[in-house]
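Here is the structure we will look at, set down as structure tokens.
No lab work stands behind these numbers, since they all come straight from the coordinates. Predicted model, so just to flag it, every value in this text is computed and none were measured. Using ideal geometry, Cβ is built from the backbone for each residue, glycine included, and neighbour counts are taken over all protein chains shown.
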Amino acid sequence: MNPVIQSNESRPESNEKSELRSRKRAKFLFRWNEYGMGYLFMLPWIIGFLVFMAFPICWSLYLTFNKVRFTGEGFKYEWIGLQNYRDALLKDNEYGVQIIAFFQQMILILPIIIIFALLVAILLNQNFPGRFIYRAIFFLPVIFSTGQVLTELFQQGAGDVPFISQYGIDTFVEENFSSSLAEPIISLLSMIIIILWSSGVQILIFIAGFQTVSRTIYEAVRIDGASPWESFWKITLPSIVPFIALNLLYTTVDLFTSPINPVMEQIRKHMFNVSTGYGYASALAWFYFLLIIVIIALMLWFLNSSNRKRRYTA
């Protein structure tokens, strides 16, 4: 074959490859110009997460397969496989009882926090003098009662409600309810102050949700003769359904990671126990984490399915 003809045939292929490379380069530059600045701003957080979060999380997962002993020479690791998980599920009766009791308590606390935050947000969304001061008052406990501060306040009795025993409310509950229901109800009543402390973020989220509803809609239905009660059920509540779902997820995570959570206290207790140690405590924490993931996944599935049904019926 003539070499001149061969070179002419290969020239279109090289042009196509160069055009493809130039397109990829232009696409990469376009994406970098569009998202690169955002990635640069996120870079400190990414580095901090990898160093201070990702490595400890992976290390704690490794500890779950070891029996960790603290000696004079430092930590000693003995590989035992899934023994810590088997002990947590089959031998540690206290851990399972604490999880079940906390789940019962959470089922009662979760709707109370959401309903209370919704009612307070409706009041604080009204036009009255000094409403910003009241919003700050409801949010300040969220700032001050976090982490070790909340634990210390709870240990000193700041979260107790004395009128429960003074007026015999606990006795009334024990006499009229079964023991399986009386215990979570009494514990719920004793945590009323903590429930109020934990509602600040939810109140702000609901207030932000109310701001998304246009005032002209309320004016139109008011002209048509709708009462405030009807406008709430037909306009306000359907409009803030996504914010209710957001508050449900946030409150669930907040309750599961609360410093006064009995399951978290159980994990901390085993961390400094000589017979169990860090390995067993890490196994308890990871099993608890998997339960949280399953519950959040079920909540997301339920919320997504209900949203699809609502859109389909609408």
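What to note about this one:
- Residues of region 237-275 with amide N under 20 Å of the 7 Å Cα→Cβ point at N304: 241-253
- Unit charges on C-beta of K, R, D, E only; dipole of region 183-314, Debye: 360
- Net charge of Cβ neighbours under 10 Å - reference E78; Lys, Arg +1; Asp, Glu -1: +3
- Residue-count net charge about V120 - beta-carbon cut-off 13 Å; Lys, Arg +1, Asp, Glu -1: +2
- Among the chymotrypsin sites (Phe, Trp or Tyr not before Pro) found in region 231-314, those both in a DSSP coil and sparsely packed, with 15 or fewer other Cβ atoms within 10 Å of their Cβ, are F272.
- Approximating the spin labels as points 7 Å out from Cα along Cα→Cβ, the R69-to-F172 distance works out to 5.7 nm.
- One chain, two ends: L110 and T212. Fully extended at 0.36 nm per residue, the span grows by 34.3 nm beyond their Cα-Cα distance.
- Length-normalised contact order of region 202-296 in % [C-alpha pairs under 8 Å, at least 6 apart]: 22
- Cβ-Cβ FRET estimate between L123 and L61, R0 fixed at 45 Å, reported to 0.05: 0.45
- Relative contact order (percent, whole number), region 35-122, Cα cutoff 8 Å, 6+ residue spacing: 15
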